[in-house]
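S.K.: I have a structure I would like to understand better, so I am pasting it below and will then ask my questions one at a time.
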Amino acid sequence: MVETNYQKVNRLLHRLGGVYRDPSRVINDATSLLNSVPGQHLNPDISDLLHNDGTNMRGLRLSGTISMIYRSNTYHIPIDLFLPPNYSVRPPIIFVRPVSSMMIKQGHRHVAADGMVYMPYLHSWRSGTHNLIDTVTSMSRIFGEDPPVYARSNAAPVPAPAPTPPPPPPRYHDVRPSQEEQERLRQLERDAQEA
């Protein structure tokens with residue numbers, strides 16, 4: 001029997017064992033997104049998220065692609081959407097996860113170099129009025145106006161030249177003191193003989 005999205009999310013939350021303050025809201029919002037058109041290409045799983053302060057968060061992640069329309073063409077942007085333990089008081093944490101044929105656009109207004117998504121909908125998050133479907137819909141619209149990723153060049157990369165091996169260490173009889181050093185040594189020998 002095929003497991004429904006509700007059953008998947010419920011099972012994953014059960015495995016997480018009380019991580020969430022409001023598990024029913026997490027189940028409802030995640031299931032609603034997974035069952036919607038904007039979230040149809042996302043899949044739930046459990047994952048770790050390492051914060052900038054070094055702390056680690058284990059929680060529910062919805063990963064996959066979201067659609068955006070750019071110049072009348074539909075593109076699929078890979079994302080990871082993490083629900084923090086204090087969701088829905090706090091908004092989801094979202095990353096664009098480019099595949100090997102993509103690169104994140106430098107200086108993108110809504111996506112940092114590490115892929116983290118920053119957008120007004122997340123910044124103005126309110127638990128009572130905001131939800132995951134509207135989050136993904138807003139992100140799709142913003143990305144359609146200014147795509148966060150672009151295709152890497154298909155040109156074959158130029159291989160880096162082989163590193164030049166370091167020269168062998170000098171042999172003892174090859175090491176010769178400079179003229180200054182030779183003169184200083186002679187002066188030391190003369191001073192030693194006079195003493």
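S.K.: Tell me, yes or no, whether segment 18-26 has at least one residue that is at pLDDT below 95 and open to solvent by less than 10 Å² (accessible area, probe 1.4 Å).
M.R.: Looking through segment 18-26, none of the residues is at pLDDT below 95 and open to solvent by less than 10 Å² (accessible area, probe 1.4 Å).
S.K.: So the check is Cβ under 7 Å with 6+ separation or different chains; which pairs have a first residue in segment 170-195 that's of a type in the set (A, V, I, L, M, F, W, C) and a second one that's modelled with pLDDT under 75?
M.R.: Leu185/Pro177
S.K.: Look through segment 65-104, keep the residues that are small (Gly, Ala, Ser) and in contact (Cβ under 8 Å) with a residue 60 or more places away in the chain, and return whichever of them is farthest from Asp22 (Cα to Cα).
M.R.: My answer is Ser67.
S.K.: So which of Ser36, Ser24 ends up being touching a residue at least 12 places away in the same chain (Cβ under 8 Å), of a type outside the set (Phe, Trp, Tyr) and not in a strand (DSSP E or B)?
M.R.: Ser36
S.K.: Being open to solvent by less than 40 Å² (accessible area, probe 1.4 Å) and at pLDDT below 95, is that true of even one residue in segment 156-168?
M.R.: no
S.K.: Can you name the number of the only condition in (1) open to solvent by 10 Å² or more (accessible area, probe 1.4 Å); (2) more than 13 Å from the chain's Cα centre (by Cα) that Asp80 fails?
M.R.: Just one mismatch for Asp80, condition (2).
S.K.: Kindly indicate the residue of segment 91-124 that is more than 14 Å from the chain's Cα centre (by Cα) and under 19 Å from Asp48 (Cα atoms) and also most open to solvent (accessible area, probe 1.4 Å) among those meeting that condition.
M.R.: Looking at the filtered set, the residue picked out is Pro91.
The values are calculated or read from the model by the stated rules, or taken from the named source; none is laboratory data. Every value quoted in this text rests on a predicted model; they were computed, and no experiment measured them. Here Cβ is always computed from backbone atoms with ideal geometry, including for glycine, and neighbour counts include all displayed protein chains. All accessible areas refer to the heavy atoms of the entire protein, side chains included, with ligands and DNA or RNA removed. Shrake-Rupley method; radii C 1.70, N 1.55, O 1.52, S 1.80 Å.
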